[in-house]
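**Student:** Quick one: structure below, then a few questions.
What follows is calculated from the coordinates using simple rules that are stated; it is not laboratory data. Predicted model only: the values in this text are computed from it and were never measured. Cβ placement follows ideal geometry from the backbone for every residue including glycine, while neighbour counts extend to all protein chains displayed.
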Amino acid sequence: MTAYDIPFGVEVDFETGAMEAADRVIVRRASGMRGYYADADALEQIISSGDPIHYRVYEKAIPEQEGHLLFCMSVLEPGRVGREFFFTKGHYHTVADTAETYLCIRGQGIMLMKTTDGRWAAESMRAGRMVYAPPFWAHRSINTGPEPLISFCVYPAHAGHNYGDIETEGFPKRVIYSPSGPSLADPASLC
Ligand code: PA5
Ligand code: NI
């Protein structure tokens, strides 16, 4: 029996994305994103100019056991590394047949998803829109707007995170700035 086997409530701030009384806040700075963006030099410049926070994830320490739900608030800052908009690393779940749902609270962006057999999908994220990442689909959020991209996410607590081929291969598309709006580019076109 843990504190999380007893009903509880928690406040979240829709303006900042902060979860009151979070048990942990995962903070990823620019320096934690080395190897993920196409323009490594642009990332190094951002790191040397103060290594700003890319994103934060606020969580309660729900037991990572089947039956429980892990939920979080994800706050992804706006910005670009070269032509690419800021994104989260992205991952599969270690228990691959577990899904996840994201409800966007503030901002605008794209959720890129892919499978190990080569399929991919992009769903827009904006306040009030929910995106579903089915079992087996890796998921990465990208902030294409001028304000923080804030989402509430929830998934089976035993799912775990598997960064697998994302660290080496990334996603089949990169989301880049263009004067007419965000566009999806083939990774080879940015090399
Ligand atoms: O499980 C999720 O999708 C979230 O809790 C993410 O872990 C969070 O958004 C951070 O993303 P990543 O683990 O890809 O850095
Ligand atoms: Ni996930």
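**Student:** Check Met125: other-chain or 5+ apart residues with amide H under 5 Å from its amide H, H built from backbone geometry?
**Tutor:** Result for Met125 returns Gly109, Ile110, Met111.
**Student:** Let me ask something else about it. Relative contact order for the chain: what is it in percent, counting Cα pairs under 8 Å that are at least 6 residues apart? Please report the intermediate quantities before stating the final value.
**Tutor:** Numbers: 435 pairs, mean separation 43.4, N = 191.
It rounds to 23 percent for the chain.
**Student:** Hey, quick one: spin label on Tyr177, modelled 7 Å out along Cα-Cβ, who in the range 122-155 has an amide N within reach, i.e. under 18 Å?
**Tutor:** 142-149
**Student:** If you don't mind, another one. Arrange the peptides 78-91, 58-71 so that the one whose residues have, on average, the most other Cβ atoms within 10 Å appears first.
**Tutor:** 78-91, 58-71
**Student:** Residue-wise, which Karplus ³J(HN,Hα) couplings in Hz belong to the range 163-178, taking 6.51 cos²θ - 1.76 cosθ + 1.60, θ = phi - 60°, and x for glycine or proline?
**Tutor:** 7, x, 6, 6, 5, 9, 10, x, 10, x, 9, 10, 9, 10, 6, 9
**Student:** Please give the net charge around Thr88, taking every other residue with its beta carbon less than 9 angstrom from that of Thr88, where Lys and Arg add +1 and Asp and Glu add -1.
**Tutor:** +3
**Student:** Here is a follow-up. At 0.36 nm per residue, and after removing the present C-alpha to C-alpha distance, how many nm does the segment from Ile47 to Ala185 gain when stretched out fully?
**Tutor:** Numbers: separation 138, 0.36 × 138 = 49.68 nm, distance 2.44 nm.
Length gained between Ile47 and Ala185: 47.2 nm.
**Student:** Calculate one ³J(HN,Hα) per residue across the range 17-29 by plugging θ = phi - 60° into the Karplus curve 6.51 cos²θ - 1.76 cosθ + 1.60, and present them in order as whole Hz with x for glycine and proline.
**Tutor:** Karplus values, whole Hz, x for Gly and Pro: x, 5, 9, 5, 6, 4, 7, 8, 10, 7, 10, 10, 8.
**Student:** Lys and Arg at +1, Asp and Glu at -1: add these up for the other residues within a Cβ distance under 14 Å of Ala22 and post the number.
**Tutor:** Local charge sum for Ala22: -2.
**Student:** Across the range 67-77, in residue order, what do the Karplus-derived ³J(HN,Hα) couplings come to in whole Hz, using 6.51 cos²θ - 1.76 cosθ + 1.60 with θ = phi - 60° and x for Gly and Pro?
**Tutor:** Running phi through 6.51 cos²θ - 1.76 cosθ + 1.60 with θ = phi - 60° gives x, 7, 10, 8, 10, 8, 10, 10, 10, 9, 5 Hz.
**Student:** Next question. Over all alpha-carbon pairs of the chain, lay out the pair-distance distribution in 10 Å bins, whole %, shortest bin first.
**Tutor:** 9, 36, 38, 14, 3, 0
**Student:** Ala96 to Val27: FRET efficiency via 1/(1 + (r/R0)^6), r the Cβ-Cβ distance, R0 22 Å, to the nearest 0.05?
**Tutor:** 0.25
**Student:** Starting from the eigenvalues of the Cα gyration tensor, five times each then square-rooted, give me the equivalent ellipsoid semi-axes of the range 1-83, largest first, whole Å.
**Tutor:** On the way: eigenvalues 215, 38, 18 Å².
Largest first, the range 1-83 gives 33, 14, 10 Å.
**Student:** For the chain, modelled as a Gaussian network with Cα springs under 10 Å, which listed residue fluctuates most, Arg140, Arg126, Arg24?
**Tutor:** Of Arg140, Arg126, Arg24, the Gaussian network model singles out Arg24 as fluctuating most.
**Student:** I've got another one for you. At 0.36 nm per residue, and after removing the present C-alpha to C-alpha distance, how many nm does the segment from His161 to Ser124 gain when stretched out fully?
**Tutor:** The span from His161 to Ser124 would gain 11.1 nm if fully extended.
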